[in-house]
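Working notes, beginning with the structure itself.
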Amino acid sequence: MIPETQMTFGFGIRPALGRADFLVSECNRDAAVWVDRWPDWPPPARGLVIAGPPESGKSHLGAVWRARSGAADISASSLSVSAVPVALGETSDALIDGLDVRASDEALFHLYNMVAERRGSILILTRVPPARLAIELPDLASRLATLPVVTIGVPDEALLAGVLSKHFADRQVTVHEDVLAYLVPRMERSFEGARRLAVRLDALALAEGKPVTRRLARRALDDEGTDSVSED
């Protein structure tokens with residue numbers, strides 16, 4: 001007999017990236033405050049570096065800032081010197097994502113100087129602060145050293161609950177408070193862990209045609225290899 005399972009479809013997820021959708025806690029408060037302060041960032045560079053682990057909200061804050069500033073959205077890993085003018089376009093501000101996987105120090109240095117010449121601002125998103133990167137071009141290293149760096153740290157349980165709720169909401173999955181209360185103390189305490197757990201629970205619920213319950217939550221935790229205790 002064929003088991004009754006629900007067919008799943010790979011529809012894209014469109015996360016809510018407005019400022020009101022960004023969840024603030026102690027670990028990310030400084031980053032949110034700095035983004036909210038723009039354009040009143042201190043000279044001479046008028047720039048900021050946000051460093052944090054995967055899924056920690058760096059891109060969300062970048063989207064908030066870009067919506068306010070009209071900045072060009074630039075991937076550091078694919079940037080070349082010749083492509084800088086086109087990448088920046090007519091704007092004076094630049095959002096640079098992936099400094100830690102950059103391809104060209106010269107291209108980033110050229111971009112930095114163009115933004116400075118236009119009296120614009122630069123926001124850099126990276127997993128690793130610039131001081132810990134092996135930047136070979138001294139002029140680029142010295143420019144980046146002038147930028148303030150804010151770091152997003154380890155989330156507390158309240159923020160993890162909020163992040164989980166947002167992942168479920170983005171996927172249009174209803175999860176009750178008791179399930180969240182069960183998951184948070186037992187899950188990996190990281191932003192990436194929250195994303196993986198939400199994806200796994202969504203997939204389980206879709207495949208079985210069932211709502212997200214504590215029993216399903218326990219299965220997802222077991223699949224993740226997270227130690228769990230009895231749900232009773």
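Table for the structure above
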{"read-out": "Along each principal axis, Cα extent of the chain, largest first, Å", "value": "67, 36, 32"}
{"read-out": "Ellipsoid semi-axes in whole angstrom, largest first, where each is sqrt(5λ) of the Cα gyration tensor of the range 74-134", "value": "18, 12, 10"}
{"read-out": "Highest-MSF residue in the chain out of 210, 166, 58 [GNM, Cα springs under 10 Å]", "value": "210"}
{"read-out": "Using distinct alpha-carbon pairs, which all enter the 1/r mean, Kirkwood radius of the range 150-232 in Å", "value": "12.7"}
{"read-out": "Surface/4 of the Cα convex hull for the range 29-108, nm²", "value": "5.5"}
{"read-out": "Residue-normalised accessible area of the chain, expressed per residue, 1.4 Å probe, Å²", "value": "53"}
{"read-out": "For the range 129-155 and the range 166-227, distance of Cα centres in Å", "value": "35"}
{"read-out": "Highest-fluctuation residue, 167, 60, 176 considered, GNM on the chain with Cα pairs under 10 Å", "value": "176"}
{"read-out": "The range 55-158: proportion of alpha-carbon pairs further apart than 16 angstrom, %", "value": "57"}
{"read-out": "Portion, in percent, of the accessible area of the chain that falls on carbon or sulfur, probe 1.4 Å", "value": "52"}
{"read-out": "Debye-sum result for the range 101-157 in log10 I(q)/I(0), which assumes one identical scatterer on each alpha carbon, at q = 0.19, 0.22 Å⁻¹", "value": "-0.73, -0.93"}
{"read-out": "Efficiency of FRET from Cβ geometry, residue 146 and residue 91, R₀ 30 Å, rounded to 0.05", "value": "0.90"}
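The values are calculated or read from the model by the stated rules, or taken from the named source; none is laboratory data. All values derive from a computational prediction rather than experimental measurement. All Cβ positions, even for glycine, are placed from backbone atoms using ideal geometry, and neighbour counts span all protein chains on display. With ligands, DNA and RNA removed, areas are computed over all heavy atoms of the protein, side chains included. Shrake-Rupley method; radii C 1.70, N 1.55, O 1.52, S 1.80 Å.
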